[in-house]
Amino acid sequence: MRWLRLFGRRLEGSWWGVKTAAIGILVASLLGSSWGCHIPAIYNFGDSNSDTGSVSATFGRVPSPYGRTFFGKPSGRYSDGRLIIDFIAEKLGFPFLGAYLDSIGPNFRHGTNFAASGSTIQPADAKLFGAGFNPLSLDIQLSQFEQFKERTKDLYNQAESSWVKSSLPKPEEFSKSIYTLDSGQNDLHFAILTTTEEQVRVSIPNIINQFALAIEKLYQDGARTFWIHNTGPIGCLPAFSVKNPPKPVNADQNGCIKSYNLLAQEFNKQLKDKVFQLRTQLQHSLLIYVDIYTAKYTLISEAKKQGFVGPLAYCCGHVGGGECWETSIVNGAEVFADSCNDTSKYISWDGTHYTEAANKWVANHILDGSLSDPPIPLAKACHKTDSPN
């Protein structure tokens, strides 16, 4: 896992109709009749799909050529440019979310980002860590949020400087903010690497239950509006499908690994069912399930139609050796895994993460609510609260 290598470098140097009706009633009660909406901040949790600098600040800076397209330098993101969470922030008129763990120039007025590359929903143990995954799992991210909220209240109430208050969220706005979550891909990734596909399938209910506990914990801490991404088509990641091509019987029309995508679909089915259950348990909350899988798989299936070179091509790195930014020996020759000339023509940046161009395409297809359940646009994803939390 890239985050671990950076760490090493630092150390070295059918009732659907009823369901829909119920959701409609819930949404109508939570949203104003005109759907007027003010979202003051974003609090994000997840993995490398939305990490804007946590791992870079903690284990060593993400190197060039990461960040080259939009930022012109490494930005803490595992992409050539912006992530979906950046387009979410832009849509709401906010600056990009800074990482909670980044101590250089933070401004938390409109929220912060707890996501950490290589992290999982399930708490990190020795096996996960040994396989190269990050110890900053979802439970740790929630602990960070709890501390952030408590310290914010203390600092804000004690602050005499307007500058201090202008860099912090208002305590009464935590319950009015949106809580975004994009996690689960690494849980599947770890299970695929270390167990059989049947064992992966058996492990999914426990992972989903862990995720539900995280939502419940955030709710207890005052969160009321949740924007929840399901997991993408993991069988279409070039890290799997190109570096270890599937047998023809297990390959779909795009070259993706069908059985891996079926595991992602099962994960998403159980996640969606769990979100529906949570809606009935968590009163006065709004839980929006966002179908990232469909957006990403549609893009992959229509790659050339949408102007990309192909469904599984990636920009940075080399098949057979050479991760992005690394030098390796390929067929007896030293090869530096540099990036392509035109990142806008590629869906995958480095075989695991998406390019800015792909992230922008996906964001444009989810932020209008057309792939959400209930179908609420991001800009209207808020509700009225009776009291501050």
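Close contacts from region 148-161, counting a first residue that is within 22 Å of I42 (Cβ to Cβ) and a second that is assigned to a helix (DSSP H, G or I) and among the aromatic types (F, W, Y), with Cβ to Cβ under 9 Å and a gap of 6+ residues or different chains, come to K149/F174; T152/F174; K153/F174.
Within the option set F148, F133, being part of a helix (DSSP H, G or I), crowded, with 16+ Cβ neighbours inside 10 Å and either touching a Phe, Trp or Tyr at 6+ places or on another chain (Cβ under 7 Å) or among the aliphatic types (A, V, I, L, M) (or both) holds for one residue only, F148.
For region 77-90, the set of residues classified as assigned to a loop (DSSP other than H, G, I, E, B) and within 18 Å of S183 (Cβ to Cβ) consists of R77, Y78, S79, L83, listed by residue number.
Taken together, F240, F190 contain a single residue that is of a type in the set (F, W, Y), buried (at least 18 other Cβ atoms within 10 Å of the Cβ) and touching a His at 6+ places or on another chain (Cβ under 9 Å), which is F240. Selection of helices (runs of 4 or more DSSP H) fully inside region 154-227 by the criterion of at least 3 residues being at pLDDT 95 or above returns 185-194, 197-220. Taken together, the residues in region 268-301 that are open to solvent by 60 Å² or more (accessible area, probe 1.4 Å) and assigned to a loop (DSSP other than H, G, I, E, B) amount to 2.
Condition check for F240 on (1) closer than 24 Å to T180 by Cα; (2) under 21 Å from the mean Cα position of the chain (by Cα): one failure, at (1). Among the candidates A89, A124, the residue that is open to solvent by 30 Å² or more (accessible area, probe 1.4 Å) and out of contact with any Asp or Glu (no Cβ under 7 Å at 6 or more places or on another chain) is uniquely A124.
The values are calculated or read from the model by the stated rules, or taken from the named source; none is laboratory data. Here the structure is a predicted model, which means the values were calculated and not measured. Reconstructed Cβ throughout: ideal geometry from the backbone, glycine too, with neighbour counts over all protein chains shown. Protein only, heavy atoms only, side chains kept; ligands, DNA and RNA dropped before computing areas. Shrake-Rupley method; radii C 1.70, N 1.55, O 1.52, S 1.80 Å.
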